[in-house]
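See below for the structure under consideration.
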Amino acid sequence: MRLVRFEAQGTVSYGIYIGDIVHPIAGDPFGELVTTGEPVPTADIRLVAPVAPSKVVAVGLNYRDHAAELGLGIPDEPILFIKASNTVVGPGASVVYPRQSERVDYEGELAVVIGEETRSVPAEKALSKVLGYTASLDMTARDLQAKDGQWTRAKNFDTFCPLGPWVVTDISPDDLAIELRLNGELRQSSRTSQMIFTVSELISFTSSVMTLYPGDVIMTGTPSGVGEVKPGDSLDAYIEGIGTLSTRIVEAGEVAS
Ligand code: ZN
């Protein structure tokens, strides 16, 4: 099942996306799903980020091929950082290239959406806390990441966390193809089976540090092939079983779509 969040006539709602029709649901998708109101054609709505997380937790280095590419060892524990809620934008929304940076990189990532309040869950039960999975981009001002020595500024410019296009509830995250295209050209291509820490392990580890709330997102790291973007570029992050999240990079001051 594909869960979406959408805007129609100034109102944002959750819905179930089937074919070219969205069936609105009452409230949010974190309890029982109850459809309500008239189904709407997708042509009449605008998809926004599929959830509105209280926090997005991301992981520093989590693919074996990316560690090898960087000449880095395998970490003993996940390196966690936060992307604040201001960074989140939906499918098709633009990423604004900040004036303060001269080097912005893409990182295509599988994102996990938490379905219920979760604290200190063991890895073997962690997937039962998941609502579903979506695609994401961990945009990073690489020059500022190096300059600051910590990552808050580099990872948290407005629009630096595109999410979407929807949350898929019925896939296993353990061995999915993950690809990123820059201006249509394949730059990242791997499988989630290359992860150093599995999705279950990441949820367990993160929830032993901080309580996860419904709608919170865990970004699971990026494979090899990370690279630079410039204003005008387009990015397409594809994950098998989910689909493609597309965005375009715009100059600060340009009107974001
Ligand atoms: Zn990342």
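The residue of the range 198-221 that is nearest to the chain's Cα centre (by Cα), among those that are away from the ligand (no atom under 16 Å from the Cβ), under 17 Å from Glu109 (Cβ atoms) and part of a loop (DSSP other than H, G, I, E, B), is Asp216. Taking strands (runs of 3 or more DSSP E) as the structural unit, those lying wholly within the range 1-93 and holding at least 2 residues that are surrounded by fewer than 16 Cβ atoms within 10 Å (Cβ to Cβ) correspond to 2-8, 11-18, 80-83. Which of the residues that make up the range 222-238 are surrounded by 17 or more Cβ atoms within 10 Å (Cβ to Cβ) and outside any strand (DSSP E or B)? If the condition is that a residue be surrounded by 17 or more Cβ atoms within 10 Å (Cβ to Cβ) and outside any strand (DSSP E or B), then Thr222, Pro223, Ser224, Gly225, Val226, Asp233 are the ones that fit.
Does the range 80-87 include one or more residues that are β-branched (Val, Ile, Thr), within 20 Å of Glu228 (Cα to Cα) and assigned by TED's automatic domain parsing to the domain that holds Ser207? Yes, the range 80-87 contains at least one residue that is β-branched (Val, Ile, Thr), within 20 Å of Glu228 (Cα to Cα) and assigned by TED's automatic domain parsing to the domain that holds Ser207. Considering only the range 167-197, state which residues are under 28 Å from Lys230 (Cα atoms), assigned to a loop (DSSP other than H, G, I, E, B) and among the small types (Gly, Ala, Ser). Matches in the range 167-197: Gly184 only. Does the range 21-58 hold any residues that are within 16 Å of the ligand (Cβ to nearest atom) and in contact with a Phe, Trp or Tyr (Cβ under 7 Å, 6 or more places away or on another chain), and which are they? Scanning the range 21-58 gives a single hit, Ala58. For the range 94-116, a residue qualifies if it is of a type in the set (A, V, I, L, M, F, W, C) and either open to solvent by 10 Å² or more (accessible area, probe 1.4 Å) or more than 30 Å from Glu32 (Cβ to Cβ) (or both), and the qualifying residues are Val95, Val96, Val104.
The values are calculated or read from the model by the stated rules, or taken from the named source; none is laboratory data. Keep in mind it's a predicted model, so treat the numbers as computed, not measured. So basically every Cβ, Gly included, is an ideal-geometry build from the backbone, and we count neighbours across all protein chains shown. Accessible surface areas use protein heavy atoms only, side chains included; no ligands, DNA or RNA. Shrake-Rupley method; radii C 1.70, N 1.55, O 1.52, S 1.80 Å.
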